[in-house]
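A.B. asks: Here it is, the structure, as structure tokens.
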Amino acid sequence: MPDGVEAVVLDFYGTLVRMVEPLPPDHQGVFARRGLAAQGLRWGDQWSVGPAEGEEHTAHSADERAYVAWEHERLRRRARSCGVPEEALDALVADLDRAMKAVRLALFADARESLAALRRRGLLVGVCSNWFWDLEDRLTEVGLGDVVDVVVGSARTGARKPHPLIYRAVLDRCGLGASRVLFVGDMWVPDVLGPLAAGMRAVHLWRPDRAVDGIAPPLPRGAARIAGLRELIGGDGPDGRGGCG
């Protein structure tokens, strides 16, 4: 652990949890069950219908009702553009919203023990994620609610990583200067470059069994790379070298 760090803030999906079967319903199947197969073919990638990375939406994040209404309106506009008749929109949007959020999650094997060890060392532990309104509930559901001190989700904050607003919210909730916070995550821009730009230190999590393909980018100044969360607490990585300092 780098000198001077008082808080470790981690990404949620891909860092602490992964998706497991049964997978969420396919959106084209949702369309087809409502007799809208042709419109479903125009819908495209079901994971691209949410807010974009770095999007600011504070006007829609005043409370859960306002945020969910905004989510539904986004789906409604896109479905309408795909040719869905007005009379079919409400029921379809409700089905699509349920399908998007029917994500079954499981902890990575190193998640809970690593967070608990960080807290035993006197470090503040936080989670910062681009997620739905229910981030706190999902943390409790997977068994991390009692080992996390600070939770900052994009839905309630009004901006998605790597927007500067969400990192400012992290620092405010931690009550620390940026140099005292270490950000850990698996996504390069939201979890490494964004935190670095906010003045934090960053650790890029590059798991051997990661879902993202490709080559790990070169590390900029102020960043480190680990293959598993145990390395945060001095545990050995795959090459036998412990720690991320």
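A.B. asks: With the chain treated as a Gaussian network of Cα nodes joined by springs under 10 Å, which of G234, G177, G35 yields the largest mean-square fluctuation?
C.D. replies: Most flexible of the set in this elastic network: G35.
A.B. asks: Could I ask something else about it? Per residue Cα convex hull volume for segment 106-245, in cubic angstrom? Before the final figure, lay out the partial values.
C.D. replies: Numbers: hull volume 15.7 nm³, N = 140.
Value for segment 106-245: 112 Å³ per residue.
A.B. asks: Applying the Karplus parametrisation 6.51 cos²θ - 1.76 cosθ + 1.60 with θ = phi - 60° to the phi angles of segment 29-40, what ³J(HN,Hα) value in whole Hz is obtained for each residue in order, glycine and proline being reported as x?
C.D. replies: Coupling constants for segment 29-40: x, 4, 4, 4, 5, 9, x, 10, 4, 5, 5, x Hz.
A.B. asks: Per residue, what accessible area does segment 94-245 have, given a 1.4 Å probe and all protein chains present, in Å²? Each step should come with its number before you reach the end.
C.D. replies: Numbers: 6750 Å² over 152 residues.
For segment 94-245, the per-residue accessible area is 44 Å².
A.B. asks: Let me ask something additional. Using a simple spin-label model with points 7 Å from Cα along the Cα→Cβ vector, what separation in nm is obtained for R119 and V103?
C.D. replies: 2.3 nm
A.B. asks: Next up: Choose one answer from R98, R33, R201: the residue with the largest mean-square fluctuation in a GNM of the chain with alpha-carbon springs under 10 Å.
C.D. replies: For the chain, modelled as a Gaussian network with Cα springs under 10 Å, the answer is R33.
A.B. asks: Calculate, in nm to one decimal, what L23 and A52 gain on full extension: separation in residues at 0.36 nm each, minus their alpha carbon distance.
C.D. replies: Details: separation 29, 0.36 × 29 = 10.44 nm, distance 2.21 nm.
Full-extension gain reported as 8.2 nm.
A.B. asks: Just the number, please: carbon plus sulfur as a percent of the accessible area of segment 1-159, 1.4 Å probe, no ligands or DNA/RNA counted. Before the final figure, lay out each step's value.
C.D. replies: Details: 3620 of 7460 Å².
Here it works out to 49 percent.
A.B. asks: Add +1 for every Lys or Arg and -1 for every Asp or Glu among the other residues with Cβ under 12 Å from the Cβ of H204, and state the total. Each step should come with its number before you reach the end.
C.D. replies: Details: positive: R201, R207, R210, R225; negative: D11, D186, D191, E231.
Neighbourhood net charge equals 0.
A.B. asks: If each DSSP helix of 4+ residues adds -39,500 (n - 2.57) and the sum is divided by the residues in the chain, what number results at 222 nm, nearest 500 deg cm²/dmol? Please report the intermediate quantities before stating the final value.
C.D. replies: Details: 9 runs with 85 residues, N = 245.
It comes out at -10000 deg cm²/dmol, rounded to the nearest 500.
A.B. asks: So if I place +1 on the C-beta of Lys and Arg and -1 on the C-beta of Asp and Glu, and nothing else carries charge, what would the dipole magnitude of segment 39-180 be about its Cα centre? I want it in debye, nearest 20. Walk me through the numbers on the way to the answer.
C.D. replies: Numbers: 21 positive and 22 negative charges, 94 e Å.
So the magnitude is around 460 debye.
The values are calculated or read from the model by the stated rules, or taken from the named source; none is laboratory data. This one's a predicted model, so the numbers in the text were calculated from it and none came from an experiment. Here the Cβ is made from the backbone with ideal geometry for all residues, glycine too, and neighbour counts use every protein chain on show. We work out accessible area using only protein heavy atoms, side chains counted, and drop any ligands, DNA or RNA first. Shrake-Rupley method; radii C 1.70, N 1.55, O 1.52, S 1.80 Å.
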